[in-house]
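Single-structure report; data block below.
The values are calculated or read from the model by the stated rules, or taken from the named source; none is laboratory data. Owing to the predicted nature of the structure, the values given are computational and were not obtained by experimental measurement. Positions of Cβ are generated from backbone atoms using ideal geometry, with glycine treated the same way; all protein chains shown enter the neighbour counts.
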Amino acid sequence: MSQDGGTPPVPAPEPTAQEPSDTPTQDDGLFEHCPWLFSEGASDAQRAEQRLWQQKLLATGTVTVGERCYVAKSAAVYPDRLHLGDDSYIGAHAYVTGDITVGADCSLNPFTTVRGTVKLGDGVRIGAHTSVLGFNHTAEPDIPVHQQPVTSRGISIGDDVWIGSHVVVLDGVTIGDHCVIGAGAVVTKSVPAWTVAAGNPARPIRDRRTTIRPAAAIAPHGRLAEQLAEFRRTATDHAADLIARCWAPDAPGGGRYVDRPGAAPTVRAHCDAVEIADLLLGNVPEQGTAASHIERLRAAQDPHTGLVPETDLATGLPRPLPPPAADGFVDDGAAQYHVLSVGYALDLLGSSFAHPIGMARTMTAGRLVRRLDALPWHDRAWHAGSWIDSWATAAHWNLRRDDEPPASGALEALFGWLLTRVDPSTGLWGAASPATGRLQQVNGYYRLTRGTFAQFGLPVPHPERVIDAVLDHSRDPRHFTPSRENACNVLDVAHPLWLCARQTSHRNAEIRHWAAGQLAEALPRWHPGQGFGFGPPADGGGPGREPGLQGTEMWLAIVWTLADLTGLSDLLGYRPRGVHRPEPAGALAAGDRRT
């Protein structure tokens, strides 16, 4: 097919007794609205007429058309550039403008709109009345709407994608290979490969590779399935109340969220409220509008370091941060976690940090490797993993900024260091200890891989050995008995098993059995109108057994992960999208990393 406006790939019509007319023949209305019937049902005259129509399009110099294509005459095709691949068609009254690339075996069904900068892979099906809008307008307050300049980041849709009817895909979105977008969805954010997404805004429902098992296959977990369905109804009904009980309207600096009644206001509590509302209600916490939540969280960021310090209890203002080290790192535990919690809360609200995060911006590859070497791997592997989680997440947020130059090899150095330092016999980093067994190792593994391999969509090394080590740890009675389990310990086993199970079927039956047992124990811990408690303190830390926002946010994610390991997550009706999301979030995974 022609790529450069040269010889048209469509052959000239064969000589006929009468030159085809521009007037549609009697049956053309059928093919315009059902173009998939054209290749089998068109007459010779109709084929000749379609060739003539395509030649007129080619004569504009902006269109190239592949073999066996169909373009409805009623379609408004006025592109700056259009390439239509083999066996593709454009249906009646479609509206096509801009710089459009359409692969092979694609369909733009009747009344679709494709405008701006849009690239479709092969085998993309777009339902009727869907709009794919690869452009936007600015919204500056001092310029009338009709004079706002046009912007375009473009839309990229992969291979083998089905987009239902009445869908809207907005500028800047990447839809990965093999996705299905449900009818009526409004796609505002990129969708990873193999995702089934639906809703307004579109949210992931499941992974297409996860087979929905028929009812007979679920029978062994019949009681568990009933419990999950009941939990879904209960949690949704109670969501607004459990958030409202943690709102302190008289806190210094204006109303603030607390983890539980009587506790001090914290930044994390606000973020947990945002995540819970998004997860269970598909909305923002009712104590404010989306704009007011965004304003408060963005205002908490220190513009010099890019970090979000904890709130001062007396004034309600951000606490001062300690001075940064020579490599730009600021040693503040709360601020390190806020890179995750505030960043993802803002993401759920449709916003982002106001400033780049300095510890990822200034860290060179050499400095990063020196810091990695100095982390306490032998006795505090969780601390080492949490540091990596925070730094890699800061790099992730910086990569998503349009005004931030790419990191100078530091992120690549991080993955190189991890891949060359992992223990191939366990797939873990750090070391076990006589006092706590693999607790530090496994919990550090979760934090480390959450911020790196999982967040950026890369496979973990030695997944079978990880499963062996993590399942062994899950039998340690020092950490896994009814009186000792907490959200961290269960999550830090469940997520690594889930992550590794994406790469291997190793010990799948044991994983499902463990997950089902944990679910059966976790679901009854829900407190009506109050949510989940975090659980018994680990080593004297954590918020304890009383129900609150942190425990609720974490256990909701844990319940989904455990349910997905048993094949029952569809019964929950939600899927985590924040800190504990299952899908990759990084630019590397979305395919839009800047170079």
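Considering only residues that are among the small types (G, A, S) and surrounded by 19 or more Cβ atoms within 10 Å (Cβ to Cβ), look in the stretch 460-508 and name the one that is nearest to P547 (Cα to Cα). Give the steps one after another, and end with the answer.
Here is the first cut: in the stretch 460-508, the ones among the small types (G, A, S) are 469, 474, 483, 487, 494, 501, 505.
Now narrow it down to the ones that are surrounded by 19 or more Cβ atoms within 10 Å (Cβ to Cβ): 469, 474, 487, 494, 501.
Values: A469: 31, S474: 24, A487: 12, A494: 21, A501: 31 Å.
The qualifying residue nearest to P547 (Cα to Cα) is A487.
Residues that are modelled with pLDDT of 95 or more and within 28 Å of S190 (Cα to Cα): list the helices (runs of 4 or more DSSP H) wholly contained in the stretch 358-461 that include at least 3 such residues.
Fully inside the stretch 358-461 and qualifying: 381-399, 410-421, 439-449.
For the stretch 235-260, give me each residue that is modelled with pLDDT of 95 or more, of a type outside the set (D, E, K, R) and loosely packed, with under 14 Cβ neighbours inside 10 Å.
Scanning the stretch 235-260 gives a single hit, A244.
Can you list residue pairs whose Cβ atoms sit under 8 Å apart, with the first residue in the stretch 316-333 being outside the structural domain of D302 (by TED's automatic domain parsing) and the second being not in a loop (DSSP other than H, G, I, E, B)? Count only pairs 6 or more apart in sequence or on different chains.
Listed pairs, sorted by first residue: none to list.
Answer yes if at least one residue in the stretch 274-292 is in a helix (DSSP H, G or I) and more than 22 Å from the chain's Cα centre (by Cα), and no otherwise. Before the answer, list the steps.
Of the residues in the stretch 274-292, the ones in a helix (DSSP H, G or I) are 274-281, 290-292.
Next, from what is left, pick out any that are more than 22 Å from the chain's Cα centre (by Cα): 292.
Checked against the condition, which is being in a helix (DSSP H, G or I) and more than 22 Å from the chain's Cα centre (by Cα), the stretch 274-292 yields at least one hit.
Exactly one condition in (1) more than 19 Å from D105 (Cβ to Cβ); (2) among the polar types (S, T, N, Q); (3) modelled with pLDDT under 90 is false for T60; which is it?
All conditions are met except number (3).
If I filter the stretch 328-346 down to residues being over 24 Å from L418 (Cβ atoms) and at pLDDT 95 or above, which single residue comes out as surrounded by the most Cβ atoms within 10 Å (Cβ to Cβ)?
A345
Please work out which residue is farthest from S131 (Cα to Cα), limiting yourself to the stretch 177-232 and to residues that are at pLDDT 90 or above and charged (D, E, K, R).
E230
Can you pull out the strands (runs of 3 or more DSSP E) entirely within the stretch 87-166 that have at least 1 residues that are at pLDDT 95 or above and in contact with a helix residue (DSSP H, G or I) (Cβ under 8 Å, 6 or more places away or on another chain)? It would help to see each step written out before you state the result.
On the way: elements: 95-102, 113-120, 124-126, 131-134, 155-157, 161-163.
Where strands (runs of 3 or more DSSP E) fall fully within the stretch 87-166, none carries at least 1 residues being at pLDDT 95 or above and in contact with a helix residue (DSSP H, G or I) (Cβ under 8 Å, 6 or more places away or on another chain).
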